[in-house]
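Beneath this line is the structure, given in structure tokens, with notes to follow.
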Amino acid sequence: MTIKTTENCFEEFLRPTEFIRSDDPETIAMTERITAGLSSDREKAVALFYFVRDDVRYNPYRATVDRESLASTFCLREKEGFCVQKAVLYAAMLRAAGVPAKVGFADVRNHLASKRLLEIVRHDLFVFHGYVKAFIEGRWVSATPTFDKRLCEKSKVKTLEFDGMSDSIFHPFDHEGRRHMEYVNYHGEFADLPHEMLVEKWRVAYPYMFEDPAPVDGDLGTEIEADLEGK
């Protein structure tokens, strides 16, 4: 019987894939710039988390099933994306830094949204929300660099912080103590984005995306700010 070494066990979480393009030259260059002078995996993971969280604007109107638009290179180039795109980018940059990473997906309720976005989605359950797990100092740690600081400030919601040691998913309450976000169903964690599963889940949850694929645009932060002012 052959026993896998630790290196082999993590090989699939370090190599590039169709969507997690950790071998992309621009991804490598950006990763090296952000992690310059940092020695530990924890320091690198934290620095990359804040880059993806704040330098890549969260835009739910970028939601798509287009394969090329879901690749990490697209999100890095556009400097914006929705949760799946940002999770895929973070995983790619972690792998480029030599940190094993995988992507996970779950359904969440009370997702940060405007009235307009909820009307488009047609319910308050956001299906196949993306997050990342990184292997740091001997354990898998969850991190979700989805909502940027600007959006959180406009929405009066606490930013999600990450120290590389504790799981960073979502604060359950906003600044005023109201229930904010709840994970209600997990779909698993993967070495690459499971595109077929994403499409299958979204066909059920968001049939309008396939009936009318015309892109929708907007600025979520501005919309939420207007909603709050209208109260």
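Some observations on this one:
- Using 0.36 nm per residue and subtracting the Cα-Cα separation, the extra length available between Val184 and Ser69 on full extension is 38.7 nm.
- For Lys133, the lysines whose Cα falls under 18 Å of its own Cα, not counting residues fewer than eight places away in the same chain, are Lys44, Lys86, Lys102.
- Within the chain: Cβ-based charge dipole about Cα centre, in debye rounded to nearest 20 (Lys, Arg +1; Asp, Glu -1): 360
- Sorting the segments 124-132, 219-227 by their residues' average number of neighbouring beta-carbon atoms within 10 angstrom, most packed first, yields 124-132, 219-227.
- For the pair Ser142 and Arg77, label points projected 7 Å from Cα toward Cβ lie 3.3 nm apart.
- Sequence ranges 115-122, 78-85, 44-51, 204-211, ranked by mean other-Cβ count within 10 angstrom, highest first: 44-51, 78-85, 115-122, 204-211
- Calculated from the structure at hand, Rg and Dmax of the Cα atoms in Å is found among [x] 16.2, 45; [y] 17.7, 59; [z] 17.4, 67 as [z].
- Relative contact order, percent, the chain [alpha-carbon distance under 8 Å, six or more residues apart]: 23
- Couplings 3J(HN,Hα) for segment 17-28, derived from phi with the Karplus relation 6.51 cos²θ - 1.76 cosθ + 1.60 (θ = phi - 60°), are 10, 4, 9, 8, 8, 6, 9, 5, x, 5, 5, 5 Hz, where x marks Gly and Pro.
- Sequentially through segment 138-143, phi angles give Karplus couplings (6.51, -1.76, 1.60; θ = phi - 60°) of x, 8, 7, 10, 8, 8 Hz, Gly and Pro residues having no value and appearing as x.
- Converting phi to 3J(HN,Hα) with the Karplus coefficients 6.51, -1.76 and 1.60 and the offset θ = phi - 60°, segment 45-61 yields 4, 5, 4, 5, 4, 5, 5, 5, 5, 9, 8, 10, 5, 6, 9, x, 6 Hz in sequence order, with x at every glycine or proline.
- Less than 5 angstrom separates the built amide H of Ile136 from those of Val141, all sequence-distant by 5 or more or on a different chain.
- Each of Ser40 and Arg116 was given a label point 7 Å from its Cα along the Cα-to-Cβ line. The distance between the two points is 4.4 nm.
- Amide proton proximity set for His187, modelled H, under 5 Å, gap of 5+: Phe105, Ala106, Asp107
- If you take the Cα centroid of segment 31-51 and the Cα centroid of segment 59-97, the two points sit 18 Å apart.
- Potential lengthening between Asp124 and Thr222 on full extension [0.36 nm per residue; Cα-Cα distance subtracted]: 33.3 nm
Just so you know, all these numbers are worked out from the coordinates, no wet-lab data involved. Small disclaimer: the values here were computed from a predicted structure and weren't measured. Cβ: placed from backbone, ideal geometry, glycine included. Neighbour counts: every protein chain shown.
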